[in-house]
Structure formats: C-alpha cells, structure tokens
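To start, the structure under review is shown below, and the notes come after it.
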Amino acid sequence: MFKKLLGAAAALALTAGLATAEGKTFYWVSHGGPADPVWTYFLQGAEAFAATTGNTVNTSFHSGDVPSQQEAVRAAIAAGADGICSTSPDPGSMVDVVAEARAANIPIINFNTSDSAPNWNAYVGGDLKAVGKAWAQYLVDKGLVKSGDFVWMPVEVPGASYGVEEEKGIKEVFEPLGITWEVTDATLDQAEVITRMTDYVTANRDKIKAMIGLGDMVTGSVKRVWDQAGVQPGEIPVVGWGNSLDTTQGVMDGYVNAGMWQDPQATSYLCLSSLLMEGDGIPLGFNITTGALYEKDTAMVYHTIMGGK
C-alpha cells in the first residue's frame, strides 16, 4: 500500500541540525492518482523532505477510493506513525479516522484539499473556496462572461472535496449575476478525459461561453481537446488549475487564460515539516495557505519550476 522514501546518508551528513528528527516515520496519504501530473509534483515535495531530513516517508495514492484511504490512515495509526499528512477525498469522510489519530496522540495535518469537518491539527494548501471565487471573478472582471452566460466546469471526480469547495466559491460570484454552469464527469483516466471533454465541447459549443477546469487533468487537456474539436486558442476563455506543464504551455500558447499554481512541492514539504515541529511539542496552531493565479506573462516561472525549458 505504501511506498517508502528513505533519506540518503549523505543528506544526513549535510543536515546535522535536524538530527533530533532522525528515525521518525511519517505517512503521506493522497486521494489522487499516480497518473495525474499534479501529484507527481506533490510527491516530489515528499521525496525532497525525506532526502533532506533523513526521515522515512511512506506514501500512498488512492485514486478517489474513500474506504481505501481511510484504511491507509488507520494502518498508519496502527503502525505508530510519528505524523500523518492526508488529503480529504470527500467532505466529512475523514472525521472518524482523524479523531482516531488524535486519540492516539498522532498529529495529522490536512493538505491539498481543505475540509473543516475533521479535527485536523492544521491545513496546508490552497483555500479551495477562495480559488473558485478567484476563477469566477477573473472571468467577470475581464469581461469574458456576463449575466445569462453558461460556463462549463469539467472535473475528474464529481463530488470530491476539491471540486465541491471550488464550486461553492464560484457560486458566490456567478449566482447573483445569473450566470449558469454545469459540472461534468471527466474521470481520472487521461484518454477518457480527452474523449469526454471533446464530446462535450463538440455537442455544446454554441452555448459554452467559458470553461473552468476544476482539476489539473482537465485544464491540462484543453489544447488537445480544442485541437480535436476544432476550437481555436482563445475562442473559449479558460481558467483553472495550473500545476502541470501542459497548462503552463497552454497559457503561453493562448489556450488557457489563467492558471492557479498550488505550490504542490512546497505544500507536501511544509506539511511534513510541520509534523516535525508538532513532534517537538511546538503546535502549528494556524493554517498555511498556498497558491497564485498566473497569466501568460508569468507562466514561464511555473513552467521552469516544473522542469520546463
């Protein structure tokens, strides 16, 4: 279930100042899928933490399978984890397992997908409701949508925490203006994402005034979908997540107007670092909010971070 990331001896020699943390074992549990490009970057942050500090980080992906993720957290508790970083697959789905971790005096920090229902020690990541509101406000402020327009919102996992929270923020902006929208299921399979999005945009081209990509796979697929459907870059305004090279390139090429950078590597690193601090008796005591909306002029900054040229 879990993949171990072991810090190298050389890294230990270079980080003598973190000697008190040596030998600790943390668990990093994600609702995402290993084929989703953004989770490659989140995983990189966990790998960098393990290499730098010499601690063990056991990682696992659960591809939206809630019972599987709950069981992974329980397995971490049973193993006597020094701390757990976990996403929230569905709103409220982690209440019981978080309570079990806290009862065992194991710090458990929510990352990537905020969910206020469980009693987490803290949250590290984007404010998803604020992110959704920012996307909607961007489209309105730029004059890309107006009262009476229709906006398409594909997502990989309908009902998952991230899309639910983002839609709440979008609703605050769109509903008073009479702007309507539809959330559609794109799945977590890349080929199926492209097929479903192409079919939808082909069938509904006349009414779609803009698109908001509620997840990274859907936003990163825009160029391929547009090219297959015969949609020109910029013809349909697009905003959404921007944590992939496909999306940064799409922004630079004019297929996507703006992408939201979530600081995925930093989110994982900060979550695990916060567990170290909790273990030293220094409670985090506050949430750490990440993220920045970028357009064409700054897309190369994030393209470079993710390994682009």
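If you filter the stretch 151-173 down to residues that are among the acidic types (Asp, Glu) and part of a helix (DSSP H, G or I), you find that the one that is surrounded by the fewest Cβ atoms within 10 Å (Cβ to Cβ) is Glu172. Looking across the stretch 179-196, the residues that are modelled with pLDDT of 95 or more, crowded, with 16+ Cβ neighbours inside 10 Å, hydrophobic (A, V, I, L, M, F, W, C) and not in a strand (DSSP E or B) come down to Ile179, Ala186, Val193, Ile194. Restricting the stretch 229-256 to residues that are in contact with an Asp or Glu (Cβ under 7 Å, 6 or more places away or on another chain) and assigned to a loop (DSSP other than H, G, I, E, B) leaves a set whose member that is most open to solvent (accessible area, probe 1.4 Å) is Pro233. Of the residues making up the stretch 113-145, those that are assigned to a loop (DSSP other than H, G, I, E, B) and of a type in the set (Asp, Glu) number 2. Asn121 meets the conditions (1) over 30 Å from Asp206 (Cβ atoms); (2) polar (S, T, N, Q); (3) over 23 Å from the mean Cα position of the chain (by Cα) in every case but one. The failed one is (3). For the residues Ser93, Ser116, the requirement of being out of contact with any Gly (no Cβ under 9 Å at 6 or more places or on another chain), over 22 Å from Leu276 (Cβ atoms) and open to solvent by 30 Å² or more (accessible area, probe 1.4 Å) singles out Ser116. Consider the stretch 78-90 and keep the residues that are surrounded by 18 or more Cβ atoms within 10 Å (Cβ to Cβ) and in contact with a strand residue (DSSP E or B) (Cβ under 8 Å, 6 or more places away or on another chain). The one that is modelled with the lowest pLDDT is Ser88. When Gly92 is tested against (1) under 15 Å from the mean Cα position of the chain (by Cα); (2) among the small types (Gly, Ala, Ser); (3) part of a loop (DSSP other than H, G, I, E, B), exactly one condition is not met: (1).
The values are calculated or read from the model by the stated rules, or taken from the named source; none is laboratory data. Keep in mind the model is a prediction, meaning the values are calculated, not measured. Please note: Cβ atoms are built from the backbone with ideal geometry, for glycine as well, and neighbour counts cover all protein chains shown. Calculation scope for accessible area: heavy atoms of the full protein, side chains included, ligands and nucleic acids excluded. Shrake-Rupley method; radii C 1.70, N 1.55, O 1.52, S 1.80 Å.
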